[in-house]
Amino acid sequence: GMGGVGKTQLALQYAHINLAEYEVIWWLNAENRLSLQNSVSAFLRAQKLQPKDADADSIRLTFLDYFQHHSGWLLIYDNAEYGEINTYTVLKDFFPKDATRGHILLTTRCRNAFEGAVQIEVPIFDVEAAAEFLQHRSGRGDSPHTAKLAERLGCLPLALEYAAAYIRETPGVDYAAYSKKLEQYSVKV
């Protein structure tokens, strides 16, 4: 799904709902190799595991070895933006070899980049659902401006959430006032 559609929130909700199903759940920032290595290092520290050496490959191998000897895990690789084959290979090098011992969940904007993965497309809201979401999250009722604002924000849950929070927390700001601010400051927003 596209950015702002709620992929990360869905992964978080999945982990929360299935918390009792897993022995270990770990969130990895998979945006690039460095953030992935940092997430892997944080996992090793949390497990009190020391790689043989301090180099990146030893850290990666220690991480992978843990999952060869443990089962019942969920690894969430968030923001895996690996559209090119060589960058996909980098990510794949951080996947446990025996995926039958646990589960891997990826969030990505890349379509068809991950071979063998079951893909679930996360679409944007339609205008009606976006307007309902905006009303629910802002705590404000319906208005002729609700659907217009939802459309203006592209019906994207993340943008709607920000707008709803601002409307909810800012006295005197309703859907029309927020739309006006968006018109004035859209480049900054």
Per the filter on region 140-164, residues of a type in the set (G, A, S) and modelled with pLDDT under 90 are G141, S143, G154, A159
I'd like to check something: does region 18-34 contain any residue that is modelled with pLDDT under 95, farther than 24 Å from Q119 by Cα and under 18 Å from the mean Cα position of the chain (by Cα)? yes
Selection count, region 4-35, where residues are aliphatic (A, V, I, L, M) and in contact with a strand residue (DSSP E or B) (Cβ under 6 Å, 6 or more places away or on another chain): 6
Which members of region 111-138 meet the condition of being at pLDDT 75 or above, open to solvent by less than 70 Å² (accessible area, probe 1.4 Å) and out of contact with any Gly (no Cβ under 6 Å at 6 or more places or on another chain)? F125, V127, A129, A130, A131, F133, L134, Q135, S138
Here is a list: A42, A11. Which entry is farther than 17 Å from H70 by Cα and in contact with a Ser or Thr (Cβ under 8 Å, 6 or more places away or on another chain)? A11
Residues of region 35-66 being on the phi > 0 side of the Ramachandran plot and either open to solvent by less than 30 Å² (accessible area, probe 1.4 Å) or not charged (D, E, K, R) (or both), in sequence order, are none
Pull out all pairs, ordered by first then second residue, where Cβ-Cβ is under 6 Å, the residues are six or more apart or on different chains, the first lies in region 28-44 and is in contact (Cβ under 8 Å) with a residue 12 or more places away in the chain, and the second is small (G, A, S) and assigned to a helix (DSSP H, G or I). L28/S39; N29/S35; N29/S39; Q37/A56
Those residues of region 67-80 which are open to solvent by 40 Å² or more (accessible area, probe 1.4 Å) and either at pLDDT below 75 or closer than 18 Å to L49 by Cβ (or both), in sequence order: Q68, H69, H70, S71
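The values are calculated or read from the model by the stated rules, or taken from the named source; none is laboratory data. It should be emphasised that the depicted structure is a prediction, and the values quoted were computed from it without experimental measurement. All Cβ positions, even for glycine, are placed from backbone atoms using ideal geometry, and neighbour counts span all protein chains on display. Protein only, heavy atoms only, side chains kept; ligands, DNA and RNA dropped before computing areas. Shrake-Rupley method; radii C 1.70, N 1.55, O 1.52, S 1.80 Å.
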